[in-house]
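The values are calculated or read from the model by the stated rules, or taken from the named source; none is laboratory data. Fair warning: this is a prediction, and the values are worked out from it, not measured in the lab. No Cβ is skipped: glycine too gets one built from the backbone with ideal geometry, and neighbour counts run over all protein chains shown.
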Amino acid sequence: MARVSSSLGWRDRLGTLRARIGVVRHRYRVNPGLYCLGNPTHESPVLVSANYKLSFDSLRGRLAGIDAFILVADTRGVNVWCAAGKGIFSADEVALLVERTALAERVSHRRLILPQLAAPGVAAHTLKKNCGFSAVFGPVRAADIKKFLAAGMKCDEAMRSVTFTLGERATLTPVEVYLALKPLFFAIIFLFVLAGIGADFFSFERGLARSVPAAVATAVGLFSGAVFTPVFLPWVPGRQFWLKGMEVGALAGAGFCYWHDGGMANIGLALWVAALCSYLAMNFTGATPFTSLSGVKKELPRGLACQIVLAAVGLGLWLAAPFIRG
Amino acid sequence: MKMKKFRYLDHTAILRLDGDACVGCGNCVTVCPHRVFALEGKKARIVDPDGCMECGGCAKNCPVGAIFVNPDDGCGCAAYIIQSWINRVTGLRLNLFSC
């Protein structure tokens, strides 16, 4: 059986950084199986985790001084909550692993500690039926596990509640930017080609001159939608995310016009800033711990319609500007 | 409570509890990350319906199937929903947004 440490090395920290940026995603895995932490005996607790290395590291990293077994389920490299939501982290999966690792021979008790956020995928009563081990739901955050164990496997209300602190929101923003970069890179190439079009058909110089502000506007929209709005989320008025993004985007667009000039082309680009910011803010629903599927389905059509209209009008103004100037 | 400043759309989440079927085990109270349920006497009760994010942990862990949560596949993520629309219209199985 593999033995793991509760202290994270520089490789782990580098891996965490790369996963947080989004350079590695589903490939960042640990092998499913049973791991030893410290010197567990047959009475030591068994903690269940996902095989996304970020999940595994955040668990073991908080267990200094604890002797325990860690049972890593095969969640295809997906974190606890998302894997549970998609049904990959299930009672069947955990039961299979209990049998494969012969856990019943290593411990005398019949109890597994599951992360609370595994509940959407793992039914405790099914698990008991499948492998004879009963499930105890631990706290939401790995940081509270020592407290949970010390209190005789009990959680208070705070340990059972998800949070969305400034730090937690900020941590999620690099991957939002990273994933948006690729489509936006192609968008800028496309804008460069369009930028050259004028009364004399096409000019490379005009293309270059006009695509620079277009690229700046795109960067402003990206930052305001994927970084600023998530970080300042609770202070941006409104509940619907597309609306929050539209508010921030409108301000950012106005700022863009103020720094450049308020000509027709820049007003068009300001509308593009607002549309892009609104879309990226709406996309952040996928990263928050409080948006429901019903809610997102409700706001999505309105948001998308406004974004498409704004982007189309903005692009139209920007394309028409060189013709009107003559 | 910290999450009170993060409220999503009111009267939108689909969450129902069949009080007659409830056996009062308290699993829903335990697993809910938004503390939507409370145990009153021998029955669970929904005390904050608008706090629900439809994660489905309560329904999954109800031993008598007394809880109904929006069963639609997927998560509360705009890109994922857009992708499922595109795939339904085109008949493809794309994974455009890596989620």
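Observations on the model:
- Applying the criterion of being in a helix (DSSP H, G or I) and among the β-branched types (Val, Ile, Thr) to the residues of the range A:277-326, the residue that is nearest to B:Ile81 (Cα to Cα) is A:Val296.
- A:Val48 β-branched (Val, Ile, Thr), assigned to a loop (DSSP other than H, G, I, E, B) and crowded, with 21+ Cβ neighbours inside 10 Å: no
- Qualifying residue in the range A:4-26 (condition: assigned to a strand (DSSP E or B) and surrounded by fewer than 19 Cβ atoms within 10 Å (Cβ to Cβ)): yes
- Applying the set (1) assigned to a loop (DSSP other than H, G, I, E, B); (2) within 11 Å of chain A (Cβ to nearest Cβ) to B:Gly19 leaves exactly one unmet item: (2).
- Being within 12 Å of chain B (Cβ to nearest Cβ), under 21 Å from B:Thr12 (Cβ atoms), touching a Cys at 6+ places or on another chain (Cβ under 7 Å) and not polar (S, T, N, Q) is a description that does not apply to A:Gly303.
- Checklist (1) in contact with a helix residue (DSSP H, G or I) (Cβ under 6 Å, 6 or more places away or on another chain); (2) without any contact (Cβ under 8 Å) to a residue 60 or more places away in the chain applied to A:Val216, failing item: (1)
- For the range A:274-303, the set of residues classified as under 14 Å from A:Leu222 (Cβ atoms) and of a type outside the set (A, V, I, L, M) consists of A:Cys277, A:Ser278, A:Tyr279, A:Asn283, A:Phe284, listed by residue number.
- Being within 14 Å of chain B (Cβ to nearest Cβ), of a type in the set (Gly, Ala, Ser) and not in a helix (DSSP H, G or I) is not true of A:Ala180.
- The set of residues in the range A:153-190 that are closer than 18 Å to A:Pro115 by Cβ and among the small types (Gly, Ala, Ser) comprises A:Ala158, A:Ser161.
- Selection within the range A:238-247 - outside any loop (DSSP other than H, G, I, E, B) and surrounded by fewer than 24 Cβ atoms within 10 Å (Cβ to Cβ): A:Leu243, A:Glu247
- Count - residues of the range A:160-176 that are in contact with a helix residue (DSSP H, G or I) (Cβ under 6 Å, 6 or more places away or on another chain) and more than 14 Å from chain B (Cβ to nearest Cβ): 3
- Residue in the range B:23-36 that is farther than 24 Å from A:Lys128 by Cα, buried (at least 18 other Cβ atoms within 10 Å of the Cβ) and more than 8 Å from chain A (Cβ to nearest Cβ) present: yes
- Filter result for B:Thr12 (out of contact with any Pro (no Cβ under 9 Å at 6 or more places or on another chain), of a type in the set (S, T, N, Q) and over 19 Å from A:Leu293 (Cβ atoms)): no
- Checked against (1) in contact with a strand residue (DSSP E or B) (Cβ under 6 Å, 6 or more places away or on another chain); (2) in a loop (DSSP other than H, G, I, E, B), A:Glu43 passes all but a single condition, namely (1).
- Top-ranked residue in the range A:103-132 [being touching a residue at least 40 places away in the same chain (Cβ under 8 Å) and over 23 Å from the mean Cα position of the chain (by Cα); ranked as surrounded by the most Cβ atoms within 10 Å (Cβ to Cβ)]: A:Leu112
- None of A:Gly196, A:Gly263, A:Gly207 is more than 14 Å from chain B (Cβ to nearest Cβ), touching a strand residue (DSSP E or B) at 6+ places or on another chain (Cβ under 7 Å) and modelled with pLDDT under 95 except A:Gly196.
- Strands (runs of 3 or more DSSP E) fully within the range B:37-84 that include at least 2 residues being among the basic types (Lys, Arg): B:43-46.
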